[in-house]
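Please treat every number below as a calculation from the coordinates, not as lab data. Everything numeric here is computed off the predicted structure, so don't read it as measured data. All Cβ positions, even for glycine, are placed from backbone atoms using ideal geometry, and neighbour counts span all protein chains on display.
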Amino acid sequence: MAGLASAFGSGAMTNSISEIADARVIFVVGSNTTEQHPMIAMHMLEAVDRGATLIVADPRKTQIAAFAHTHLRQRSGTDVALLNGIMNVIIGEGLVDINFVRRRTENFDEFEKVVKRCTPEVAEKITGVPASDIQRVARIYATEKRSMLFYSMGITQHVTGVDNVRSCANLVMLTAHIGQPMTGLNPLRGQNNVQGACDMGALPDVYSGYQKVADARARKKFESAWRRKLPSAPGMTMIDMFDSALEGKLKAMYIVGENPVMSDPDTSHVIEAIRKLDFLVVQDIFMSETAELADVILPAVTFAEKDGTFTNTERRVQKVRRAVRPMYGAMPDWKIISELSKKMGYDMGYRAAHEIMEEAALLTPVYGGILHHRLDAFGLQWPCPDADHPGTPFMHRKKFAKGLGTFNPIEFTPPDETTDMAYPFILTTGRLYFRYHTATMCRRTATLEREEPECFVEINPKDAGRIGLRSGNFVKAVSRRGEIVVKALVTDRTPEGIVFIPFHFREAAVNLITSPAVDPVAKIPEFKVCAINLVPVIPKPGERPKNRYNRKEDLKILNELYEEPEVPS
Amino acid sequence: MEKVSTICPYCGCGCGLYLHVENGLITGVSPSAHHPVNHGSLCVKGWNCHEFVQHPDRLKYPLVRKDGILQKSSWEDALDLIASRLSGTKEKYGPDAIGILSSAKCTNEENFVMMKFARAVIGTNNIDHCARL
């Protein structure tokens, strides 16, 4: 989001999902949309049925790539070169919307100097994508009026994540594909309320609505509303917190509904950091790998047992309604925190979720008109500054949130880890259709567990042949940080030299081997590029590598704690 | 049977769906027919999104580690312990020795409360969530 904020002044999907079906060009960069955002992919495929051109840039032949008219298979971590190559063609062939660039943007000249050097031929050398494909895509994207650009973690989970996003923003401004329906730069957010968590200021440098903690006026507003002096220096990101814990500076952590032991890169580093803490509280719905290390565990409720709102990837704030009363002895997170806060001498005084939103609306200009009673019919899309505002389906119509849009000149820089003799494969991690994040929820859903019960590594047939591997064989994946054993799946979905492992499985937790390198600005880890080696494993007779989920073993700790499961009344 | 209109808890699409409730238990899911995102469809996760809610593995009461072992506790005792340990840490090492991770699975209201707790009650800007993962 840092990348988008620096270009436009606001980090969110600029346009709406319902516009997709009417687009003429759909350009998807680094998003496995059919598997990860199936209902958004449905709109994309509807557009294709109506004659739109689908372009997908992804090293893997994902399902959405199989539907694409043009599939650009760039080498992992070379997105900047690919996008610069495309923009070079757009500038060279006079397809720039000069009017828009003059009126609405700044810093074009600096940007042009950098892009001029990255001809399609140069880009081909870096990315492996044929120059003719780069030219074709540039022409299709630039000449069509209704062109929508989408990206996801394939763009952001790199040490150059912010650069990648800024390059996408450059492309969109260059062709004026923004501020109109069926255009825009559209990040697809992974988790149901990751947009909302950002909007509500669960970030170290901003309050709700992206108001900076360093800004004295914003701070004063929150200070007077909350009757407390507030700190002015930005805090630590999650990755910084674990580093600080390792150094012995961070002493206590309170983790709500997160499982960093599974989701963060370089697992052993995270566990070591957590062990160093004096005190850890985990609040969750299930025992997680992180909760097992906690000093206190508090049972929270699921979405079905509480009222509130979620904000989806197109900024739509929607109502979540309580369907059943809290199971067992669990409590909603907001109630737990309010109770705790009272015990620490600060009474928040909330009686219901809508009262919290009323306070948030008062303090957050973009949520100013977001009130529970207005959300009944499919919610409202922010910015929604007041109680009469109908919401905003697409942003940046007349001007960008920050005024002029900024072109950022960006040179290609290689990923943090490159392959060598010892670690000849590039590992990229990702997600599966039947799975969700660290799998605490889908593991407890029989239909989902049935479909993809075990972890695997996707490997190209040529690479597999070279190291003598067949589908179903066990293989050890080794990086500079650790090793895991998984089953091989030989497929041309992944190109030569690149292998793919999903990160959902605790018995083959791929984050034991991923790289801790992060983007210097956004602190997002480089999950999409890490150098590994693959060594076939031959199990001894009667022995089976532990790569399948064993619920009994997984729950040993729970069984020791709990008697027979109680049936909810 | 009662149908409760709500939003899918899985990905960022934010599909509209109904939870079917009978005798205080959720028995099924159906998609919202006119929702602008899903138009009467759901993916396999959405269709099964109620299953984990009533799973017997759910955490049922607070647990507190005593002599290295997690033991059952009351809400009152668990919250008292957290309050005194966090206050103690704050007094001894300052508010910035405490870090808070909120969640992209929680509601907007809960994230707002978490950030208020970090900033106003603890007095630190060390608050983050898993946006980058």
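Below are the figures for this structure:
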{"read-out": "Per-region count, region B:70-100, residues of a type in the set (S, T, N, Q), more than 7 Å from chain A (Cβ to nearest Cβ) and crowded, with 20+ Cβ neighbours inside 10 Å", "value": "1"}
{"read-out": "Pick from region A:325-336, criterion without any contact (Cβ under 8 Å) to a residue 40 or more places away in the chain and of a type outside the set (F, W, Y), ranking: surrounded by the most Cβ atoms within 10 Å (Cβ to Cβ)", "value": "A:P332"}
{"read-out": "The lone exception for A:E314 - which of (1) at the interface with another protein chain (Cβ under 7 Å from one of its Cβ atoms); (2) buried (at least 19 other Cβ atoms within 10 Å of the Cβ); (3) assigned to a loop (DSSP other than H, G, I, E, B) it fails", "value": "(1)"}
{"read-out": "Given (1) without any contact (Cβ under 8 Å) to a residue 40 or more places away in the chain; (2) in contact with an Asp or Glu (Cβ under 7 Å, 6 or more places away or on another chain); (3) in a strand (DSSP E or B), index of the condition A:P299 fails", "value": "(2)"}
{"read-out": "Given (1) within 28 Å of the chain's Cα centre (by Cα); (2) more than 7 Å from chain B (Cβ to nearest Cβ), number of the condition A:P326 does not satisfy", "value": "(1)"}
{"read-out": "Unique match (being touching a residue at least 24 places away in the same chain (Cβ under 8 Å) and surrounded by 16 or more Cβ atoms within 10 Å (Cβ to Cβ)) among A:T413, A:T440, A:T445", "value": "A:T440"}
{"read-out": "Of the criteria (1) in contact with an Asp or Glu (Cβ under 9 Å, 6 or more places away or on another chain); (2) within 23 Å of A:M44 (Cβ to Cβ); (3) of a type in the set (S, T, Y), which one A:T160 fails", "value": "(2)"}
{"read-out": "Selection count where residues are touching a Leu at 6+ places or on another chain (Cβ under 6 Å) and of a type in the set (A, V, I, L, M, F, W, C), scope region A:478-488", "value": "2"}
{"read-out": "Residue satisfying condition, being under 20 Å from A:Y433 (Cα atoms) and either among the polar types (S, T, N, Q) or at the interface with another protein chain (Cβ under 8 Å from one of its Cβ atoms) (or both), within set B:L42, B:L59", "value": "B:L42"}
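Here's the yes/no breakdown for (1) buried (at least 23 other Cβ atoms within 10 Å of the Cβ); (2) not in a helix (DSSP H, G or I):
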residue: A:A81; (1), (2): yes, no
residue: A:G85; (1), (2): yes, no
residue: A:E110; (1), (2): no, no
residue: A:K113; (1), (2): no, no
residue: A:I126; (1), (2): no, no
residue: A:V129; (1), (2): yes, yes
residue: A:M173; (1), (2): yes, no
